[in-house]
Each structure stands twice: as structure tokens, then as C-alpha cells.
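To keep things clear, I will list the structure first and then write my remarks on it.
Just so it is clear, none of the values below were taken in a lab; they were calculated from the coordinates. No experiment lies behind these values; they were computed from the predicted model shown.
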Amino acid sequence: MEAIARASFCVPAPFCVEWCAMNVGLSDADLAPRIAAGDREAEAEMCRRMGPRIRLYGLRHLRSPSAADDLVQQVLLKIIEALRAARLREPDKLAQFVLGTCRMTVLDLRRSSYRQEELLAMFGGVLVPDPTPIPRLDDRQLARCVQALKERERSVVVMTFYDEQTAAETARFLGISEANIRVIRHRAIQQLRACMGATL
């Protein structure tokens, strides 16, 4: 909303500074009827005055700068809507009206947060699917399959998987190229999958 964007916690434009200087004598009580009459500059002045107060309230009660900034937007929107509709019967109590709106908005935010936590506690197990179980390998069968490999394939598998050697380290040890190591490892894995029934 334009009025909120021109609040004083942002850098004021030159024309806004000039307007504020011209209307420095306006009280909070003067702003409410002007806003009800459609005065957008009065809305900007109200945001300039009340925005920092709302943010301070948010920092004290929400303990988060981002949450405090959100509170400023929400409260100012509610205040402007109420003032445009002339729902504030006592314009001289604008500050108290803003404070009360802050309290109610924070309470609503907390209720919403508590409700979300309750729903998550009640239905979290249903909403979050169980992880897909990982099939358990038959260690003895795997050992037999590894032993059935040719000596070079078996050496590559043992060094790269069991000993966690890199392809370069394995290549240097066996005296062959890294590309050849990758080819041998790929071929060995295919043989192991066939031997294990594709469970690898």
C-alpha cells in the first residue's frame, strides 16, 4: 500500500519531507478525520509516526526483526482500513488504538503458531510419509559374489568401495589408467548386481 511504503522507517522522498515540515503541527487526533476524508498524505504521516512504534512492539514480543517487519505491515493495513471507514470513535486515542491492534495481531499470530504445532504433533506422522526401507543385503552372498569376480575386477571393487580409494589412487597402485579403472568398476558392479539378483 502506498501510504505504508512511504512510512518514515524507509528513506522519505523530498516531497514527503516537505509535506511533513508543513504539517508538523498536526496531532494524532487530526490525522484520523483526515484519513476518513480520503487524505492520502495523512495516511503517509500516520504510517511515518506509528511504523517505528509498531516495529519496536514486534521486536519486544516476537523476538525477530523479520517478524517485526511483518507486524508493521499487518497492523498498518488494519489501522488504515479502520480509519478510512471512520471506525475510530475517539481520534485522540489513535496511539492506544494502534497499541491494541498490535496486541490482538500478535495474539492471533501466536494462536496460529500454536495451532500449527498442535496439528503437526497430531498428524505429523500421517502427513510425513515413512521413508522407503532400504533392502538389506545378504553379506555372505555378497562376499561370494565378490570372490567370484576376476582378480583385477575384485581388486578394483575392494580398493574403491571397501578401502575407499579414489580412481587415481587405485590406478597408480594397479599401474593402469583412471579411465580403465572406471570401466572395470562399472563392469564389476554389473556382475555383482546379476549375482545378487539386482539388489545392489
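Miscellaneous remarks
- Here the contact order of the range 139-196, divided by its residue count and restricted to Cα pairs under 8 Å and six or more residues apart, works out to 42 percent.
- The range 139-196: C-alpha gyration tensor shape, a/c 1.5 cut-off, then a/b vs b/c: prolate
- Phi angles of the range 91-102 translate, via the Karplus equation with coefficients 6.51, -1.76, 1.60 and θ = phi - 60°, into HN-Hα couplings of x, 6, 9, 4, 4, 5, 5, 5, 4, x, 5, 4 Hz per residue; Gly and Pro are given as x.
- Between the range 35-81 and the range 152-188, the Cα center-to-center distance that results, in Å: 65
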